[in-house]
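This report concerns only the one structure given below.
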Amino acid sequence: MIAAFIVMAVEGSTLGLLSWMIEPLFDRVFGPDGGGEILWVGLAILGLFVLRAITTIVSRSLLTLVSVRIASAMQVDMLAHILRQSGGFFQNHPPGALMDRVQGDTTAVQGIWQTVIVSAGRDIVALIGLFAVAIAIDPQWTLAALIGAPLLIVPAVVLQRYLRRKSVQLREATAARSTRLDEIFHGINAIKLNRLETYQSTRFLTTVRALNRAYSKSIVAAQTMPAMIDIVTGLGFFAVLMLGGREVAEGERTVGEFMSFFTAMTLTFQPIRRLGEVAGTWQIAAASLERIFRLLDTDTEERRPDAQPLPAATQSPGIEFRDVHFAYPGVPVLNGLSFTAPAGRMTAIVGPSGAGKSTIFHLLTALAEPVAGDILIDGHPATRLTLPDQRALFATVSQDTALFDESLRENILLGRPDIPEDRLSSVTQAAQLADLLSTLPGGLDAPAGPRGSALSGGQRQRIAIARALVADAPVLLLDEATSALDSRSEAAVAEALASLAKGRTTLVIAHRLSTVREADQILVLDKGRVVEQGRHDDLIAQGGLYAGLYALQFKD
Ligand code: ADP
């Protein structure tokens, strides 16, 4: 930045020098015996232009380098910060809006350094040089040239405020557009199946119109400042002509002096205009900067002050919920939930939809924190663990497992390149993936497609099982899908799960008959509490909620 600034200052000073050359040009070169100097003045002017050309290239390259690096650093910092946010943050900030924060806001700011340094370095230096020349020629004329300047003050302040407001609206509208597009493309099948193409296009039109309104207003406002400067400059020229023109006509001043002054004034025109634009650009960038800082200032996930590193390898810990309360804003979910999941055993969780089954998994994996009550892992409060340690205890398997648009190998290893090839192949065997891999071109290196779309539900689930095997976490959280797999996939998944669950504490949100029957313990959840608890036969004999659910779900 400093280097660019210096080069810019050199570039800016060429303007003053240029106007200064005009006086000898008129008064000596064009004078009675000036013919001999014509070559030198010509070469000097040519030299100034060459200097300008070189400094322009050098300074622009430096500035581009600086602004691009700043933008990259900001984007990486922002993503790192966003990744450390808790679950609630992502409920309030849809993915599209976050994408726009990371990309749009940083790009809006990226240009500002360039603009500010160009103006500070080149334009301010140019103006100082040009006014020095002007004052040297005639201070009175200079004063006359500036006659309209005070007229600018009030409108400038009003304009800046207006522009800031419009820029904020513009950024919000851009984020809204990204969110709409994100939702449309992720929901593309639902849109097609419900024939919502026209409806979505119309809604999108409204979003885009709002954006374009804000955009036009901010651009017009940003251009109003230079336009006002034009008028004030016109006034200045008029005043100088009235004052100076008369003095030249009366022979008090030379034509050369007047032309030199006039050139200096003409050359101030562009820098002043640009400074007017900078004020506008700054407001636009400031709106984005403010949003960036607001995001960077949000707290990251709770730091857990008394967290300690995980004690030596815990063999499949037991899990206990003790009077746990949890609520989403305005929606109480768990109301004093207590249960124990014994170490190394399978606990099935059943209950009506909305009972809070998935919430138990979210609390265990610290995607959400209880409002009150304790979660004990191996007898110790979970809050004593750091978030990464707590999460490392659990492997989650569900049918809507998130896959990334990478190879199956990368999807299974998830950034653990140190897993040896023979272990990987025993994992894929155990996860019943061998058949699938043999049919795929490229085997493990075949792509999973965007969001894993190249794989079926059962295949995705088996990838998740393979992940869990690789992670070798002591506790297994299994979310059985409600939608039935075909019987061959189901058999394959069941077999894979059996090898995964062996020896691990397992909590399963159960929908399958085989799972509920074989579970060591069944918890029946209703409205965020355990209402029944026991083995299958006992619960059937009780004839309560479980017996009813069972009859309803498994009557076939
Ligand atoms: P289950 O898995 O038993 O079907 P969940 O644990 O998913 O139930 O949800 C329990 C309750 O929490 C439901 O009433 C649901 O509406 C509510 N809920 C779940 N997620 C959210 C959320 N992100 N925001 C607000 N309420 C939620």
Fill in the blank from the handout: Within region 349-396, residues small (Gly, Ala, Ser) and closer than 26 Å to His511 by Cβ come out as Gly351, Ser353, Gly354, Ala355, Gly356, Ser358, Ala366, Ala368, Ala395
Problem - Test result for Asp306, without any contact (Cβ under 8 Å) to a residue 12 or more places away in the chain, loosely packed, with under 15 Cβ neighbours inside 10 Å and over 22 Å from Leu539 (Cα atoms) - result: no
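Which helices (runs of 4 or more DSSP H) sit wholly inside region 400-457 and have at least 3 residues that are free of Cβ contacts under 8 Å to residues at least 12 places away in the same chain?
Values: elements: 408-413, 421-430, 434-439.
Those helices (runs of 4 or more DSSP H) span 421-430, 434-439.
Here's the yes/no breakdown for (1) within 16 Å of the ligand (Cβ to nearest atom); (2) more than 12 Å from the chain's Cα centre (by Cα):
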residue: Arg52; (1), (2): no, yes
residue: Val66; (1), (2): no, yes
residue: Ile82; (1), (2): no, no
residue: Gln85; (1), (2): yes, yes
residue: His93; (1), (2): yes, no
residue: Met99; (1), (2): no, no
residue: Ile112; (1), (2): no, yes
residue: Val116; (1), (2): no, yes
Practice task
Tell me, yes or no, whether region 526-536 has at least one residue that is assigned to a strand (DSSP E or B) and either modelled with pLDDT under 85 or among the polar types (S, T, N, Q) (or both).
Solution key: yes
Practice task
Can you confirm whether region 461-473 contains a residue that is over 30 Å from Ser358 (Cα atoms) and in a helix (DSSP H, G or I)?
Solution key: no
Practice task
Report, by residue number, each residue of region 363-374 that is out of contact with any helix residue (DSSP H, G or I) (no Cβ under 7 Å at 6 or more places or on another chain), within 15 Å of the ligand (Cβ to nearest atom) and open to solvent by 10 Å² or more (accessible area, probe 1.4 Å).
Solution key: Glu369, Val371
Practice task
Pull up region 340-355, narrow it to residues that are within 14 Å of the ligand (Cβ to nearest atom) and buried (at least 16 other Cβ atoms within 10 Å of the Cβ), then point me to the one that is nearest to the chain's Cα centre (by Cα).
Solution key: Ala355
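Report the residue count in region 410-428 for those that are closer than 19 Å to Thr396 by Cα and either within 27 Å of the chain's Cα centre (by Cα) or open to solvent by 60 Å² or more (accessible area, probe 1.4 Å) (or both). Talk me through it step by step, then tell me what you get.
First, pick out the residues of region 410-428 that are closer than 19 Å to Thr396 by Cα: 410-416, 424, 427-428.
When the remaining residues are screened for being either within 27 Å of the chain's Cα centre (by Cα) or open to solvent by 60 Å² or more (accessible area, probe 1.4 Å) (or both), the result is 410-416.
Number satisfying all stated conditions: 7.
Condition check ((1) at pLDDT 85 or above; (2) out of contact with any His (no Cβ under 8 Å at 6 or more places or on another chain); (3) not assigned by TED's automatic domain parsing to the domain that holds Asp472) across all residues:
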| residue | (1), (2), (3) |
| --- | --- |
| Arg246 | yes, yes, yes |
| Glu277 | no, yes, yes |
| Ala307 | no, yes, yes |
| Arg345 | yes, yes, no |
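For every residue, the table says whether it meets (1) over 21 Å from the mean Cα position of the chain (by Cα); (2) open to solvent by 30 Å² or more (accessible area, probe 1.4 Å).
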{"site": "Ser167", "(1), (2)": "no, no"}
{"site": "Leu181", "(1), (2)": "no, yes"}
{"site": "Ile188", "(1), (2)": "yes, yes"}
{"site": "Glu197", "(1), (2)": "yes, yes"}
{"site": "Gln200", "(1), (2)": "yes, no"}
{"site": "Phe204", "(1), (2)": "yes, yes"}
{"site": "Asn212", "(1), (2)": "yes, yes"}
{"site": "Ser216", "(1), (2)": "yes, yes"}
Exercise for the section: Six or more apart or on different chains, Cβ under 9 Å: which pairs go from a residue in region 362-375 that's touching a residue at least 12 places away in the same chain (Cβ under 8 Å) to one that's within 15 Å of the ligand (Cβ to nearest atom) and among the acidic types (Asp, Glu)? Could you list them? Expected result: Leu363/Glu369
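The values are calculated or read from the model by the stated rules, or taken from the named source; none is laboratory data. Everything numeric in this text was worked out from a predicted model, so none of it was measured. For neighbour counting, all protein chains shown are included, and Cβ atoms are generated from backbone atoms with ideal geometry for every residue, glycine included. Surface areas here come from the heavy atoms of the whole protein model, side chains and all, with no ligands, DNA or RNA. Shrake-Rupley method; radii C 1.70, N 1.55, O 1.52, S 1.80 Å.
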